[in-house]
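Contents: one structure, followed by commentary.
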Amino acid sequence: MTLELFHRLAEPDSAAARLLVGELGLLEAVTFRNVAFESHAADLAARGGGRTPALWDGARLHEGLSAVRAALATVATARKGP
């Protein structure tokens, strides 16, 4: 599964999402995409998004901190196994 976190450096919700990635042990699984870069913003738009933070899981875009938290928690739980 390819995970991409679209974020803005100076945005509090994006900072919280980045911290959560580390807290859940997902740093190696998540690619950080700073939308200050035009190509990253274009990729976010191509996935149907416009606000940050947003997490692309390869099939679905999760927009907003609450949605990103829920999606990351699901991934972390799945990686731990039973």
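So the values come out like this:
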| item | result |
| --- | --- |
| Residue count for the range 64-80, restricted to those that are closer than 13 Å to D13 by Cβ and either of a type in the set (S, T, N, Q) or in contact with a Pro (Cβ under 8 Å, 6 or more places away or on another chain) (or both) | 4 |
| Subset of the range 35-74 [β-branched (V, I, T) and in contact with a strand residue (DSSP E or B) (Cβ under 7 Å, 6 or more places away or on another chain)] | V35, T52, V68 |
| Strands (runs of 3 or more DSSP E) contained entirely in the range 1-70, each with at least 2 residues that are open to solvent by 50 Å² or more (accessible area, probe 1.4 Å) | 30-34 |
| Residue, farthest from the chain's Cα centre (by Cα), within the range 12-68, restricted to residues that are farther than 17 Å from R79 by Cα and among the hydroxyl-bearing types (S, T, Y) | S39 |
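The values are calculated or read from the model by the stated rules, or taken from the named source; none is laboratory data. Note that the coordinates shown come from a computational prediction; the quantities given were computed from them, not determined experimentally. Heads up, the Cβs are rebuilt from the backbone with ideal geometry, glycines too, and the neighbour counts pull from every protein chain shown. Only protein heavy atoms, including side chains, enter the accessible area calculation; ligands, DNA and RNA are left aside. Shrake-Rupley method; radii C 1.70, N 1.55, O 1.52, S 1.80 Å.
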